[in-house]
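Values quoted throughout were computed directly from the atomic coordinates according to the rules given, and no laboratory measurement underlies them. This one's a predicted model, so the numbers in the text were calculated from it and none came from an experiment. With ideal geometry, Cβ positions are generated from the backbone for all residues, glycine too; neighbour counts draw on all protein chains shown.
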Amino acid sequence: MTLFTILLCILNLQFVFPSVLRTWGYTFISLDIEYKKTDWLFADIKLVKIKKGDYAINGTFIFKKDITMDFLYSLKLFRSPRGNDDYKPLPFSVPQQNLETFFNGVYKDVVMEDLHKCTNLPYFQDRWNEPLKAQEYYLNMCQFNVDNWPDYLPNGFYKFDTKIYFPSGDVFVSAIATEEIEQTGLIGK
Ligand SMILES: *[C@@H]1O[C@H](CO)[C@@H](O)[C@H](O)[C@H]1NC(C)=O
């Protein structure tokens, strides 16, 4: 879901430095969205390949009840050299925080402008402190911009694990995306 776009963009935040060339390309391996409480959520979100090395996220999800700002969010990133189960944590994460902190921080600063072009998720000027309304949300072919990623990333499989939790701390929805990064030679940005 949108979280997936969010977590990709978080990498941008981590690596904001000027650059002109990168040496790697990426392939999406999988996107798994898991939730058990179907009385809270319905999601139909897919990764669409546009062309080699170019993907978009597309679909809709429905919150069946209002999502209050005391729900929690987290993002963890892992890497495995060969894509076996040997995934080691990387030092990039968004530690578990409530949605009010998340929306007024990482969301607003990093991904809101991009998401505004392809979704009906909150778009605001000052602070966001309302629940996410029970309604349908869309992601209309949201594309990933990797221009601000580092020029060099080592080959390997990268796993993004992002979660929303109920205020009690129980997992509400989990989105796990895996991508493979391979050196492709210099790519102009
Ligand atoms: C994108 O999602 C919408 C809504 O689910 C669907 O109607 C459309 O066919 C999808 N487009 C692609 C290219 O998958």
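General remarks:
- For the stretch 31-189, relative contact order (Cα pairs under 8 Å, six or more residues apart, normalised by length) works out to 31 percent.
- For the stretch 151-167, 3J(HN,Hα) per residue [Karplus equation, 6.51 cos²θ - 1.76 cosθ + 1.60, θ = phi - 60°, Hz, x = Gly/Pro]: 4, 10, 10, x, 3, x, 9, 10, 10, 10, 10, 10, 9, 10, 10, 5, x
- Cα-centre dipole for the chain with unit charges at Cβ (Lys and Arg positive, Asp and Glu negative), debye to 20: 300
- Per-residue Cβ neighbour counts within 10 Å put LYS37, LYS51 in the sequence LYS51, LYS37, beginning with the fewest.
- Remark on ASN120: its backbone amide H falls under 5 Å from those of TYR138, a criterion applied only to residues 5 or more positions apart or on other chains, H modelled at 1.01 Å from N.
- Of ILE62, ILE45, ILE164, the one that fluctuates the most in a GNM where the chain has Cα springs shorter than 10 Å: ILE62
- Degrees between helix 2-14 axis and first principal axis of the chain (Cα, 0 to 90, nearest 10): 50
- Note on the stretch 2-188: Kirkwood hydrodynamic radius from all Cα pairs is 17.2 Å, rounded to one decimal.
- Qualifying chymotrypsin sites (Phe, Trp or Tyr not before Pro) for the stretch 68-153 [loop in DSSP, other Cβ within 10 Å: at most 16]: TYR123, PHE124, TYR152
- Projecting the Cα atoms of GLN125, PRO91, MET112 onto the charge dipole of the stretch 87-130, computed from C-beta unit charges around the Cα centre, puts PRO91 farthest toward the positive end.
- Sparsely packed trypsin sites (Lys or Arg not before Pro) within the stretch 79-174, loop by DSSP, other Cβ within 10 Å at most 15: ARG82, ARG127, LYS133
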